[in-house]
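The structure appears right after this line, and notes come after that.
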Amino acid sequence: MKKLLFTALAVFCFSMMAYAQPRPVEKEPFIVPANLPETFAASYEGGIFGNTSKESGTFKFDDANERVVFYRKDKREMFSIPYADLLVIYPDSKEGVSTTGNVVSKMPLPGAGLASLITKSTKYLIVKYDDRDIDVQGTANFKFEDKDLLLLFINALGVKAKMKQKGDAYYRVKKPVF
């Protein structure tokens with residue numbers, strides 16, 4: 001009798017725990033604002049085939065040709081990535097000692113070593129893409145100065161490229177193989 005009662009109580013408790021599982025909070029889809037900036041300032045850090053030098057410039061959406069274009073400072077097009085070639089886009093940040101903190105910490109002054117505690121956060125856009133022209137995948141890095149502009153750019157690009165959102169990142173859903 002005690003075994004039966006214990007088993008019934010265990011089944012009841014485990015079934016109640018299954019109900020207690022919280023549902024994940026559903027995030028509302030991002031809607032591209034009408035007043036979206038025309039250009040986004042960024043620095044190319046590397047990763048695009050055929051473009052080896054680091055370059056400051058701007059991103060611009062070319063919706064007519066379904067691509068995002070990176071322009072040099074002199075307004076010449078450096079490269080473009082078609083929306084369909086984007087696999088994953090996401091933000092990243094790196095913490096490091098600022099140049100000022102590094103220089104001051106090397107000075108022979110009392111307490112100068114504390115200057116190495118001065119940190120600087122750098123925000124990056126990481127783009128994983130599939131270059132169909134040369135049949136290869138790559139990863140490109142871009143440095144942004146403002147975190148809010150970086151997130152706005154990622155959200156706008158993800159929506160325009162019809163990608164699926166996961167947190168702050170967007171990814172292209174794999175096509176099923178039959």
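Of note:
- The range 45-75 - residue that is hydroxyl-bearing (S, T, Y) and surrounded by 14 or more Cβ atoms within 10 Å (Cβ to Cβ) and, of those, farthest from D133 (Cα to Cα): T58
- Just one of the listed residues (S80, S98) is open to solvent by less than 60 Å² (accessible area, probe 1.4 Å), modelled with pLDDT under 80 and either of a type outside the set (K, R) or out of contact with any Pro (no Cβ under 6 Å at 6 or more places or on another chain) (or both), namely S98.
Residues are listed down the side, and each one gets a yes or a no for (1) of a type in the set (F, W, Y); (2) open to solvent by 50 Å² or more (accessible area, probe 1.4 Å); (3) free of Cβ contacts under 8 Å to residues at least 40 places away in the same chain; (4) outside any helix (DSSP H, G or I):
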position: I126; (1), (2), (3), (4): no, no, yes, yes
position: G138; (1), (2), (3), (4): no, no, no, yes
position: K143; (1), (2), (3), (4): no, yes, no, yes
position: L152; (1), (2), (3), (4): no, no, no, no
position: A156; (1), (2), (3), (4): no, no, no, no
position: K162; (1), (2), (3), (4): no, yes, no, yes
position: K174; (1), (2), (3), (4): no, yes, yes, yes
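- Taking (1) modelled with pLDDT under 90; (2) surrounded by 14 or more Cβ atoms within 10 Å (Cβ to Cβ) in turn, P91 satisfies each apart from (1).
- Enumeration of residues in the range 14-45 that are more than 30 Å from F70 (Cβ to Cβ), aromatic (F, W, Y) and at pLDDT 60 or above: F14
The values are calculated or read from the model by the stated rules, or taken from the named source; none is laboratory data. Just so we're clear, the structure is a prediction, and the values are computed from it rather than from any experiment. FYI the Cβ positions are ideal-geometry reconstructions off the backbone, even for glycines, and counts take in every protein chain you see. Accessible surface is based on the protein model in full, side chains and every heavy atom, while ligands, DNA and RNA are left aside. Shrake-Rupley method; radii C 1.70, N 1.55, O 1.52, S 1.80 Å.
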